[in-house]
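Chemist: So that we are looking at the same thing, I have put the structure below in structure tokens.
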Amino acid sequence: QVQLVQSGGGLVQPGGSLRLSCAASGSGFSFYHMGWYLQTPGKQRELVALITSSGSTNYADSVKGRFTISRDNTKNMVYLQMNNLKPEDTAVYYCNAHKVALNYWGQGTQVTVSS
């Protein structure tokens, strides 16, 4: 069992930056692939960024060059650094941990990009 607790997010002006954090409790964190997803009203969650258990990363085209996902296995943490934010980045962001048939979600955090 893994529990994910998110922090960060909030309101930021276009061009600004935010960092989302996700703290994982439970065993075996380093073996999980970790991801950040976003969801807007009426739409399904979509992958923003992924970091595998081996440290490989993958990004949605819309955030490449602006967002960076990272993990610290010594602290059971995963981060999403978001730079040059745009209004279209506004969404609820979710932290995700998965391996094999196991899949866990954080509680979600609102990110609003607006002037």
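Chemist: Can you tell me the Rg and the Dmax, both Å, for the Cα atoms in the stretch 67-112?
Modeler: Over the stretch 67-112's Cα set, Rg and Dmax evaluate to 12.5, 35 Å.
Chemist: Once you charge only the Cβ atoms, +1 for Lys and Arg and -1 for Asp and Glu, what is the size of the charge dipole of the chain about its Cα centre, to the nearest 20 debye? Let's see the in-between values first.
Modeler: Numbers: 9 positive and 5 negative charges, 21 e Å.
Dipole magnitude for the chain comes out near 100 debye.
Chemist: Who wins for biggest fluctuation among Thr68, Thr52, Thr40 in a Gaussian network model of the chain, springs between alpha carbons below 10 Å?
Modeler: Result: Thr40 has the largest fluctuation of those listed.
Chemist: Starting from the Cα of Lys43, draw a straight line to each of the lysines and keep only those under 29 Å, dropping any in the same chain fewer than 8 residues away.
Modeler: Those lysines meeting the cut-off are Lys64, Lys86, Lys99.
Chemist: Using a Förster radius of 22 Å, what is the FRET efficiency between Ser27 and Gln107 based on their Cβ-Cβ separation? Nearest 0.05, please. Don't jump to the answer; show the numbers that get you there.
Modeler: On the way: r = 21 Å, r/R0 = 0.94.
Between Ser27 and Gln107 the formula returns 0.60.
Chemist: Could you work out the Kirkwood radius for the stretch 11-115, taking every pair of different alpha carbons, averaging 1/r and inverting it, reported in Å? It would help to have the intermediate numbers written out before the result.
Modeler: Working: mean 1/r = 0.0717 Å⁻¹.
Kirkwood hydrodynamic radius for the stretch 11-115: 13.9 Å.
Chemist: In addition: In nanometres, what is the gap between the two model label sites at Arg19 and Lys43, each 7 Å from Cα along Cα-to-Cβ?
Modeler: So the label points at Arg19 and Lys43 sit 2.7 nm apart.
Just so you know, all these numbers are worked out from the coordinates, no wet-lab data involved. Fair warning: this is a prediction, and the values are worked out from it, not measured in the lab. All Cβ positions, even for glycine, are placed from backbone atoms using ideal geometry, and neighbour counts span all protein chains on display.
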